[in-house]
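In what follows, a single structure is set out as structure tokens and then discussed.
Just so it is clear, none of the values below were taken in a lab; they were calculated from the coordinates. Since the model is a prediction, treat every value here as computed from it, not as a measurement.
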């Protein structure tokens, strides 16, 4: 009687197959990784734009109530605390004009720059970007209220 021989085959990967997979994964990482690395900086820029729009809305409400924009000297602080210098507001809203009742910083932890009257309009609101200084390119580029649509 003949016995059935079991065929035990090699079910593993060869060295060449492993190298091909590693090369493919390396190429994918080189193509995809830069897109993920820029995502946090793009998110910070988007947040800065949204914060500037929020500050703009609060400044417009301030003007509706008081007839003038806060001065440069009073700054954005006038939106959370009634100014005690310059032209004093006539009907400053109790609780302020910003929802969180504190002066926001830009996503990089720097103060927003506020000028009134502004160089580019009634007022200017500026975030100097990731480097915190005027000018710059890419993620260090300034974000200005007059350039936001």
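Can you give the direction-averaged projected area of the convex hull of the alpha-carbon atoms in the chain, in nm²?
Over all viewing directions, the chain projects a mean Cα-hull area of 16.8 nm².
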Next on the checklist: Helix 15-66 against the longest principal axis of the chain: what's the angle in degrees, Cα atoms only, rounded to the nearest 10?
Outcome noted: 10
